[in-house]
Amino acid sequence: MGWRAAVLTMAMLIVPAAAQAGELTDGCAGADPLLSQPCRGVETAATSSARAAEVAAFERSWAAGALARQSRLGDRLPLADAQWVTTHNSFNSTAQMGPALAALDANQQLTLVEQLRVGIRSLELDVHWFLDGARGPVVCHGTGPDLGCSTEQPLAPILREIRGWLEAHPDEVVLLYLESHLRGEPGETAAVQAIDAELGSRVLRPSEGACTALPVGSLTRDAVRRAGKQVVLVSNGCGASGGWRARVFDWSDREEERPVGFQPFPACGPHLPGLGRLVRYYEDSTFVTRAASYGDQATVDDGIDTATARNMTDCGVDLVGFDHIVPSDGRLDAVVWTWGPGEPGALGGDCAVLTGGRWAARPCAGAVRPAACRAPDGSWSLSPAVSASGARAACAAGGAAFAVPRTGREGALLRAAAGPAETWLALRRGEPGF
């Protein structure tokens, strides 16, 4: 028995008897830090009924609607500027992996489809050519070439689950990161066969045979839709085979960090998002990472709690990669930077207004307010108080455009400029985002 398996077996022995289906207990809190995560994986594996109810309730919630609306605001932006709600090692879930060894050291508690149902739009799959492809490409959380892979699922049925959700949501676009451990052309060819069989024409393809960097400065989610596609595949390099390069974009140029000492807006960072590049922050709560840190082989990060999630959103981080995201933990609510709770109410009116830091629906007639004006350099200011119909002209008089924020960073810049003033936004009922 290897060291990893031995420790995970110990974790199974300390799971309290009180952990039952339909309830999440905290019985692993007193475990040694090296054991608490795998213990949690065992403890939460039997909670499918509670998980399903929680996901269904979230889909009916204000936060779910707000996340969907604010995503639409960024659909016309280049991918370097658009924001996505994401998960780290999305596949490595107590709910997804079944009896596989890696499930005891999981990053997630929801299935891939449940993650999509709660608003996640960027998923990560680690794809391995385990046992020289004895079961085809498999999705597992291995270290090195394949260490840690066991009985995890092949790639094809995983993609089939994602396809089923896409079929039910034909207007959605998903960024799918395939971290390749396929070890050359045979593995890549088999993975391409699975991609074609399960996702087929839904995939936006790069140029045939070329190594194509993800065009973050020009590609938009709306452009993906106009092409009749739903999936953008990216990977950690170009691969060895022409077939792989004709399905998967290279995004090795992204900026990627783990959260250590992240500062709130306007300081942001410690590493400011780079212009023209996708910026990804992700937390890693797995035992493997924590154990390696004790040997100076890895770094334990600060995690992404509700405050950090909001700070990263306000700072314009494109991809905030959550571990163990569930609707009740508050982090999905935290990345909502647009509409306030209960908004936009059906009876509130047809104009969007910034008020108290969040947005609300108000009648377009009968009030005067300053308008939100965006200058060509991206800065925000307020016009003098005007009616809703006069907002565009009032901003233009100052050399700016009457506008609505499209990202969390733009929202934070406008809030800083507006202070407590209730402000007209260039968004009306029926437009994307309202």
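Across region 128-143, rounded Karplus estimates of 3J(HN,Hα) from the backbone phi angles (6.51 cos²θ - 1.76 cosθ + 1.60, θ = phi - 60°) give 10, 9, 6, 6, 6, x, 4, 10, x, x, 10, 9, 8, 9, x, 10 Hz, Gly and Pro being marked x.
By the beta-carbon count within 10 Å of each Cβ, the least crowded to most crowded order of 84, 424, fewest first, is 84, 424.
Given +1 at the Cβ of Lys and Arg, -1 at the Cβ of Asp and Glu and no other charges, the dipole of region 351-428 around its Cα centre is 180 debye to the nearest 20. In terms of surrounding Cβ atoms within a 10 Å radius of their Cβ, 219, 233, 354 rank from fewest to most as 219, 233, 354. The relative contact order of region 351-434 comes to 37 percent, based on Cα pairs under 8 Å that sit 6 or more residues apart.
Placing unit charges on the Cβ atoms of the charged side chains and taking the dipole of region 56-204 about its Cα centre, the candidate lying farthest along the positive direction among 164, 141, 88 is 164. Per-residue Karplus couplings for region 200-210, computed as 6.51 cos²θ - 1.76 cosθ + 1.60 with θ equal to phi - 60°, are listed in order as x, 6, 6, 8, 6, 9, x, 4, 4, x, 8 Hz, Gly and Pro entered as x. Taking amide H atoms as placed 1.01 Å from N in the peptide plane, the amide H of residue 257 lies under 5 Å from those of 280, 281, 282, each 5 or more residues away in sequence or on another chain.
Basic side chains Lys and Arg get +1 at the Cβ, acidic Asp and Glu get -1 at the Cβ, and with that the dipole of region 113-157 about its Cα centre reaches some 200 debye.
The charge dipole of region 142-301, taken about the Cα centre with unit charges on the Cβ atoms of Lys, Arg (+1) and Asp, Glu (-1), comes to about 460 debye, rounded to the nearest 20.
Sort 351, 268 so the one with the fewest other Cβ atoms within 10 Å of its own Cβ comes first.
On the way: 351 24, 268 19.
Taking fewest neighbouring Cβ atoms as first place, the list is 268, 351.
As a calculated quantity, the FRET efficiency between residue 134 and residue 267 at R0 = 35 Å, using C-beta atoms, amounts to about 0.10.
Every number in this text was worked out from the coordinates using simple rules, so none of it is lab data. Keep in mind the model is a prediction, meaning the values are calculated, not measured. Because the Cβ atoms are built from the backbone with ideal geometry, glycine has one as well, and the counts that use them run over all protein chains shown.
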